[in-house]
Every structure is written in structure tokens, then in C-alpha cells.
Amino acid sequence: MELKNFISESFLVESSLALLYNNTVQNFDTDRQAGSGRVQVVDKIFVASPNQGIVMVKAKTRSSAKQYETRMAFEDIEYQQGEEDEGGNTTSFQSQDGQEYVIVPAEYNNSEVRVSCSCLDFYYRFAVWNSKDSSLLGNPPPPYVRKTDGGKPRNPNQVPGMCKHLMALSDDLKQARIVV
């Protein structure tokens, strides 16, 4: 058994947005970063879970004429009482329950995140590997079974990562200061 597989199967390893992003940029030829610039984040719904320290973002993203369900859930989020502070140490959002919540923003490099997208790129290239490091939001798909003998594997290094829709949502959340 390879050391990488042994470590990932033996320890609970969760990913940050930075790790998922860097895995994607470093391990794949297609430029999802450039593609994410053409993705529109059409609608965002925030779901607050202060007792669990979780903020979930459910978004509809659009590229070309197709629309996708794109989701992120940040863990270990610190909820605050009162209003957003002037110094930028906190940020606020309105949750689907209509309530305004104030949080310390998730850290791009350190906060644990779980992600999912309904696009086929995420499904075939990342979902299985994201599930192995606990960064998949939802249930893992069944393993891909190749129907032909030709072609290269979709994720030869077996790394968790993000599709262009998740990259676009990540950028949107940075602009909204949910992630810093």
C-alpha cells in the first residue's frame, strides 16, 4: 500500500479551500481558474448552524446555459453576539431563516470545508477523492467503472479538488468576506 493511501485511510484528513484549490491547479491541465471567471454565482442561500459551528452556502451557479447546485460548508466557525465590527474581524450574513448572523470569517488556508457540485466534472473527477479526505459534502458516488479500454484516468493522482463552479463560489465568498 502506498504511503499516501495509508495516511489518508488511517487518519481523518480534512481540506481547506486553499488545499483543494492548489490540488486542482497543480494536478490538472485544464485551466479551471480561467473557466471560473466565466461562471456566474446566480443565487446564494446561507444556512446557519451556530450550535454546531457550521455555515453552509447553497448556491446556483451558471456556466453557458447550464445551471448547477454548488455547495460549501465551513466547520468550526465562531459565531458572535451583536453587530459586525468596524475593524473587519467579523462579518455578517442573512440566513435562510431570515436572521442576521455575525461570524469570524472562515480562513482560506486553515478552515475545514466540505464541498459539492452537481456538474459532471466534479462528479467524475473529484467526488470520490473528496469523500476519502472528508471534504465531500453529501454521499460519495459509486466508483467510476471505465466502459472502454482507452483514455487516461480522470484523476490520476487521486487528489481531492474543485470544479470551476466551486472556484467561482469560493471567489464570491472571499469578496463577501465570509472567507478571508
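Brief remarks on what is shown
- Test set (1) in contact with a helix residue (DSSP H, G or I) (Cβ under 8 Å, 6 or more places away or on another chain); (2) farther than 19 Å from Ile45 by Cα - Pro153 fails condition number: (1)
- Taken over the stretch 132-180, residues that are more than 30 Å from Glu86 (Cα to Cα), at pLDDT 95 or above and among the hydroxyl-bearing types (Ser, Thr, Tyr) amount to 1.
- Extreme residue, farthest from Tyr21 (Cα to Cα), among residues of the stretch 60-93 that are assigned to a loop (DSSP other than H, G, I, E, B) and of a type in the set (Gly, Ala, Ser): Gly82
- Pair list, Cβ under 6 Å, 6 or more apart: the stretch 148-160 residue assigned to a loop (DSSP other than H, G, I, E, B), other residue small (Gly, Ala, Ser): Pro160/Ser15; Pro160/Ser135
- Against the test of being touching a strand residue (DSSP E or B) at 6+ places or on another chain (Cβ under 9 Å), among the aliphatic types (A, V, I, L, M) and at pLDDT below 95, the options Val42, Val113, Val57, Val47 yield a single qualifying residue, Val42.
- Inspection of the stretch 120-133 identifies no residue that is under 21 Å from Ile45 (Cβ atoms) and either touching a Pro at 6+ places or on another chain (Cβ under 8 Å) or in contact (Cβ under 8 Å) with a residue 60 or more places away in the chain (or both).
To keep it simple, each residue is scored yes or no on (1) surrounded by fewer than 19 Cβ atoms within 10 Å (Cβ to Cβ); (2) charged (D, E, K, R).
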| residue | (1), (2) |
| --- | --- |
| Tyr123 | yes, no |
| Lys132 | yes, yes |
| Pro142 | yes, no |
| Gly151 | yes, no |
| Ala168 | no, no |
| Arg177 | yes, yes |
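- With respect to the conditions (1) within 13 Å of Ala176 (Cβ to Cβ); (2) in contact with a Lys or Arg (Cβ under 6 Å, 6 or more places away or on another chain); (3) among the small types (Gly, Ala, Ser), Ala106 lacks only one, and its number is (2).
- All positions within the stretch 63-115 that are farther than 20 Å from Lys164 by Cβ and among the β-branched types (Val, Ile, Thr): Ile77, Thr90, Thr91, Val102, Ile103, Val104
- Whether a residue is of a type in the set (Val, Ile, Thr) and more than 16 Å from the chain's Cα centre (by Cα) was assessed, and Ile77 does not pass this test.
- The C-beta contact set for the stretch 38-49 (first residue assigned to a strand (DSSP E or B), second residue surrounded by 14 or more Cβ atoms within 10 Å (Cβ to Cβ) and among the basic types (Lys, Arg), distance under 7 angstrom, 6+ apart or interchain) comprises Gln40/Arg62; Val42/Lys60; Val42/Arg62; Asp43/Lys60; Ile45/Lys58; Val47/Lys58.
The values are calculated or read from the model by the stated rules, or taken from the named source; none is laboratory data. Fair warning: this is a prediction, and the values are worked out from it, not measured in the lab. Cβ coordinates were reconstructed from backbone atoms using ideal geometry, including for glycine residues, and neighbour counts include every protein chain displayed.
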